[in-house]
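The values are calculated or read from the model by the stated rules, or taken from the named source; none is laboratory data. Just so you know, these numbers come straight off a predicted model, no measurement behind them. Ideal geometry is used to build each Cβ from the backbone, glycine not excepted, and the neighbour counts take in all protein chains shown.
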């Protein structure tokens with residue numbers, strides 16, 4: 001088959017950092033080609049070269065056999081590219097329909113917006129993705145998963161020649177993922193669309209892909225037929241080692257109750273939630289999107305207001321009305337949306353890492369440079385954060401290293417209770433294993449961890465106990481030794 005995209009000896013440098021080093025491979029027309037590699041392997045850089053965000057330092061990009069200088073986003077779009085980025089670049093203060101048709105000629109009729117057309121087509125699109133929201137719904141009112149579906153729907157609607165999906169299912173449930181797969185396969189079959197698919201979930205690569213290419217440290221490793229490799233072989237190609245899971249089997253649970261909640265209620269979000277978290281325990285919260293898991297964490301942290309219920313920290317009843325109150329009670333929270341809620345993207349790595357510990361590195365309102373540098377060096381070493389320099393901007397880091405900065409920031413606050421919402425969302429298998437090890441180490445020091453995750457193997461591997469929710473209520477509690485994906489799913493579906 002003919003190559004739709006061909007990368008020839010692509011090198012991309014950012015100052016002294018080489019993001020891509022002499023990379024060459026091709027993608028054939030009408031195939032689903034998966035791009036695999038750890039965070040920092042160069043996948044996002046390659047995508048941004050296709051999108052006209054960057055241009056190569058050296059090398060050529062050929063589209064349909066012709067060398068192209070893709071130096072603007074508009075040029076990329078004219079060449080038939082449509083890119084769904086990992087972080088959702090949509091307008092939260094606009095409706096679903098207006099987001100989908102933003103920048104499209106279909107959005108206008110003469111001098112006016114063609115609201116009827118946009119609404120009708122958006123409804124058809126939402127039905128295709130089985131997303132039950134109105135076209136007029138404000139995007140900011142939707143969950144991260146629903147926003148992701150809107151972004152994918154926008155890309156699919158215009159039937160691009162080349163569709164690039166960067167971690168499209170990071171926030172989706174298994175059911176939502178299956179619907180997206182159906183739509184992508186239909187696009188390939190009926191319109192001959194070529195798909196470049198990036199995912200850290202290797203089971204998705206095996207389910208969806210025709211071929212895969214592996215990058216490591218900015219270099220090309222191999223291109224294989226998906227049918228010719230196993231997931232373990234892909235992991236070894238990506239990280240250069242086998243991932244050992246035995247270190248995650250240890251349990252550090254004690255009998256001491258750090259956090260107890262009784263009959264927590266918050267409108268329609270959740271009702272009558274009661275459980276305890278013990279010192280050294282990793283307690284999982286499972287359930288489908290909309291089950292109320294994130295809302296429970298936010299309410300405990302004081303970010304959402306409770307209608308009723310009681311919260312106890314080490315046996316003492318507390319009234320947590322804001323995150324500031326939670327922090328005073330030694331509760332920290334790692335949010336689901338790392339980019340928007342966990343980091344200040346205009347700040348450096350060091351500034352982000354130390355936002356929650358300013359009292360430790362300042363005196364009488366003045367920052368101690370020596371204490372700040374010393375603490376940052378300690379964080380970098382303890383959490384194996386890969387940085388060029390601690391004063392580089394936070395967005396220069398890979399997703400996995402950004403997540404380590406978020407964890408370091410909140411653990412630096414010396415909490416006794418850590419709330420984690422999707423702590424490995426959008427990071428690769430190697431970085432995940434490092435985060436798992438960090439969380440187990442945190443538990444070994446007597447910190448109790450309450451963790452929301454949509455990845456069932458993650459919950460089963462890490463958690464001492466799993467509480468399952470369905471539509472705002474607890475439907476089951478599972479001990480680690482009896483936990484299976486089937487049992488969790490049955491409780492999550494209230495079967």
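Just checking, how many residues over region 180-200 are within 26 Å of the chain's Cα centre (by Cα), surrounded by fewer than 19 Cβ atoms within 10 Å (Cβ to Cβ) and part of a loop (DSSP other than H, G, I, E, B)?
0
If you check residue 346 against the conditions, is it assigned to a helix (DSSP H, G or I) and more than 23 Å from residue 435 (Cα to Cα)? Working first, answer last.
On the way: assigned to a helix (DSSP H, G or I): no; more than 23 Å from residue 435 (Cα to Cα): yes.
In short, no.
Tally time: how many residues in region 289-323 are part of a loop (DSSP other than H, G, I, E, B) and under 23 Å from residue 491 (Cα atoms)? Step through it out loud before you land on a result.
So in region 289-323, the residues part of a loop (DSSP other than H, G, I, E, B) come out as 289-292, 301-307, 314-315, 319-322.
From what's left, under 23 Å from residue 491 (Cα atoms): 289-292.
Qualifying residue count for the region: 4.
I need the full set of residues from region 115-136 which are part of a loop (DSSP other than H, G, I, E, B) and without any contact (Cβ under 8 Å) to a residue 12 or more places away in the chain, in order please.
Step one: list which residues in region 115-136 are part of a loop (DSSP other than H, G, I, E, B), which gives 129-136.
Across region 115-136, the qualifying residue is only 132.
Can you pull out the residues in region 276-293 that are surrounded by fewer than 22 Cβ atoms within 10 Å (Cβ to Cβ), farther than 20 Å from residue 436 by Cβ and touching a residue at least 60 places away in the same chain (Cβ under 8 Å)?
Residues satisfying the conditions are 288, 289, 290.
For residue 220, state whether it is outside the structural domain of residue 443 (by TED's automatic domain parsing), more than 19 Å from residue 462 (Cα to Cα) and either touching a helix residue (DSSP H, G or I) at 6+ places or on another chain (Cβ under 9 Å) or surrounded by 15 or more Cβ atoms within 10 Å (Cβ to Cβ) (or both). Before you say what the answer is, go through the steps one by one.
On the way: outside the structural domain of residue 443 (by TED's automatic domain parsing): yes; more than 19 Å from residue 462 (Cα to Cα): yes; either touching a helix residue (DSSP H, G or I) at 6+ places or on another chain (Cβ under 9 Å) or surrounded by 15 or more Cβ atoms within 10 Å (Cβ to Cβ) (or both): yes.
It is true that residue 220 is outside the structural domain of residue 443 (by TED's automatic domain parsing), more than 19 Å from residue 462 (Cα to Cα) and either touching a helix residue (DSSP H, G or I) at 6+ places or on another chain (Cβ under 9 Å) or surrounded by 15 or more Cβ atoms within 10 Å (Cβ to Cβ) (or both).
Among the residues of region 100-116, write down those that are surrounded by fewer than 20 Cβ atoms within 10 Å (Cβ to Cβ), out of contact with any strand residue (DSSP E or B) (no Cβ under 7 Å at 6 or more places or on another chain) and at negative phi.
Taking region 100-116 first, the residues surrounded by fewer than 20 Cβ atoms within 10 Å (Cβ to Cβ) are 102-116.
So of that shortlist, the ones also out of contact with any strand residue (DSSP E or B) (no Cβ under 7 Å at 6 or more places or on another chain) come out as 102-106, 108-113, 115-116.
Selection gives 102, 104, 105, 106, 108, 109, 111, 112, 113, 115, 116.
In this structure, is residue 83 modelled with pLDDT of 95 or more, surrounded by 19 or more Cβ atoms within 10 Å (Cβ to Cβ) and in contact with a helix residue (DSSP H, G or I) (Cβ under 9 Å, 6 or more places away or on another chain)?
Working: modelled with pLDDT of 95 or more: no; surrounded by 19 or more Cβ atoms within 10 Å (Cβ to Cβ): yes; in contact with a helix residue (DSSP H, G or I) (Cβ under 9 Å, 6 or more places away or on another chain): yes.
When the stated conditions are applied, residue 83 does not pass them.
How about region 69-111: which of its residues are more than 15 Å from residue 158 (Cβ to Cβ) and assigned to a helix (DSSP H, G or I)?
Residues satisfying the conditions are 75, 96, 98.
Considering each of 442, 417, 427 in turn, give the residue that is touching a strand residue (DSSP E or B) at 6+ places or on another chain (Cβ under 7 Å) and more than 24 Å from residue 274 (Cβ to Cβ). Let's see the steps before the verdict.
Values: 417 fails: more than 24 Å from residue 274 (Cβ to Cβ); 427 fails: touching a strand residue (DSSP E or B) at 6+ places or on another chain (Cβ under 7 Å).
It is 442.
State which residue is nearest to residue 335 (Cα to Cα) when the search covers only region 269-288 and only residues that are part of a strand (DSSP E or B) and out of contact with any helix residue (DSSP H, G or I) (no Cβ under 8 Å at 6 or more places or on another chain). Reasoning before the result, please.
First pass over region 269-288, keeping only residues part of a strand (DSSP E or B): 270-278, 282-286.
Checking the rest, the ones that are also out of contact with any helix residue (DSSP H, G or I) (no Cβ under 8 Å at 6 or more places or on another chain) come to 271-272, 274-278, 283.
On the way: 271: 22, 272: 23, 274: 22, 275: 21, 276: 21, 277: 19, 278: 21, 283: 16 Å.
Checking each candidate, the answer is 283.
Of all residues in region 400-424, how many are in a loop (DSSP other than H, G, I, E, B) and touching a helix residue (DSSP H, G or I) at 6+ places or on another chain (Cβ under 7 Å)?
Of region 400-424, the ones in a loop (DSSP other than H, G, I, E, B) are 412-416, 422-424.
Now drop any that are not touching a helix residue (DSSP H, G or I) at 6+ places or on another chain (Cβ under 7 Å), which leaves 412-413, 423-424.
Summing the residues that are in a loop (DSSP other than H, G, I, E, B) and touching a helix residue (DSSP H, G or I) at 6+ places or on another chain (Cβ under 7 Å) in region 400-424 gives 4.
Please find, among 237, 264, 258, the residue that is at pLDDT below 90, in contact with a strand residue (DSSP E or B) (Cβ under 7 Å, 6 or more places away or on another chain) and either within 17 Å of residue 313 (Cα to Cα) or surrounded by fewer than 20 Cβ atoms within 10 Å (Cβ to Cβ) (or both). Outline the logic, then answer.
Numbers: 264 fails: at pLDDT below 90; 258 fails: at pLDDT below 90.
After applying the criteria, what remains is 237.
Out of (1) in contact with a strand residue (DSSP E or B) (Cβ under 7 Å, 6 or more places away or on another chain); (2) farther than 24 Å from residue 358 by Cα, the odd one out for residue 407 is which?
(2)
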